[in-house]
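Just below is one structure, and these are the notes that go with it.
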């Protein structure tokens with residue numbers, strides 16, 4: 001159940017994407033032990049805040065005992081709309097990630113997920129305490145499944161392929177190579193790196209040829225993950241095409257793979 005307290009001034013500062021999440025949450029609800037009949041799954045619950053102080057959030061996570069993947073997530077909360085929005089966004093981010101990845105999600109990643117524009121925050125500055133509240137509640141739930149090992153070779157594509165806004169640059173081919181590299185590096189740093197880091201990986205922009213072919217180098221766990229040349233690569237290319245130029249082709253430097 002969700003109980004929300006409307007604050008008209010804060011509401012005006014939210015991004016459009018965040019408002020949509022608040023008004024139509026997909027993850028609101030609860031999960032009971034009897035809803036998890038399989039011995040393969042474990043229900044863990046984390047709560048933060050106090051009802052008598054007007055702010056409380058509770059997460060229900062269903063964890064697969066074999067690989068530590070979050071198979072289902074619900075939340076209940078009482079409080080400001082920013083708390084509801086943060087809980088909804090965080091729920092979407094943790095779903096189908098393992099508990100180690102979920103524990104690496106940051107406040108910046110939550111905000112970045114619902115920005116209308118890459119340089120404009122989705123939550124107003126005063127909403128930071130509500131984002132911290134939902135992260136603390138999540139951490140309390142995750143503490144209850146740290147004994148579940150993440151399988152070796154676990155593959156995940158943390159990069160999100162959806163884009164709320166197409167912002168391709170109309171004058172892309174008129175930029176110098178140095179300017180093109182700067183633009184791509186900025187998009188990678190803000191739109192891709194935070195997600196890849198959930199798997200302890202990294203992405204480096206190495207070169208651009210003819211304004212179209214973008215050569216990237218993977219770092220960390222990405223150098224041993226086959227998704228780096230499949231779903232993760234497709235997601236990176238999709239984001240760069242949406243944010244920079246629709247004809248960009250992303251090519252990984254395979255010499256860096258282990």
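The values are calculated or read from the model by the stated rules, or taken from the named source; none is laboratory data. These numbers were taken from a predicted model, which means no experiment stands behind them. Here the Cβ is made from the backbone with ideal geometry for all residues, glycine too, and neighbour counts use every protein chain on show.
Please state which of the following conditions residue 61 fails to meet, knowing it meets all the rest: (1) within 19 Å of the chain's Cα centre (by Cα); (2) closer than 21 Å to residue 144 by Cβ; (3) not in a strand (DSSP E or B).
The failed condition is (3).
What residue, of 103, 46, is in the same structural domain as residue 21 (by TED's automatic domain parsing), surrounded by fewer than 22 Cβ atoms within 10 Å (Cβ to Cβ) and out of contact with any strand residue (DSSP E or B) (no Cβ under 7 Å at 6 or more places or on another chain)?
Working: 46 fails: out of contact with any strand residue (DSSP E or B) (no Cβ under 7 Å at 6 or more places or on another chain).
Step by step, each of 103, 46 is checked, and only 103 is in the same structural domain as residue 21 (by TED's automatic domain parsing), surrounded by fewer than 22 Cβ atoms within 10 Å (Cβ to Cβ) and out of contact with any strand residue (DSSP E or B) (no Cβ under 7 Å at 6 or more places or on another chain).
Testing residue 99 on (1) at pLDDT below 95; (2) farther than 15 Å from residue 140 by Cα, one condition comes back false. Which one is that?
Among (1) at pLDDT below 95; (2) farther than 15 Å from residue 140 by Cα, residue 99 violates only (2).
Got a number for residues in segment 75-87 being within 21 Å of residue 124 (Cβ to Cβ) and either surrounded by fewer than 24 Cβ atoms within 10 Å (Cβ to Cβ) or outside the structural domain of residue 59 (by TED's automatic domain parsing) (or both)?
So the count comes out to 4.
Please work out if residue 39 is farther than 18 Å from residue 145 by Cα and without any contact (Cβ under 8 Å) to a residue 40 or more places away in the chain. Spell out how you get there, then give the answer.
Numbers: farther than 18 Å from residue 145 by Cα: no; without any contact (Cβ under 8 Å) to a residue 40 or more places away in the chain: yes.
The answer is no for residue 39.
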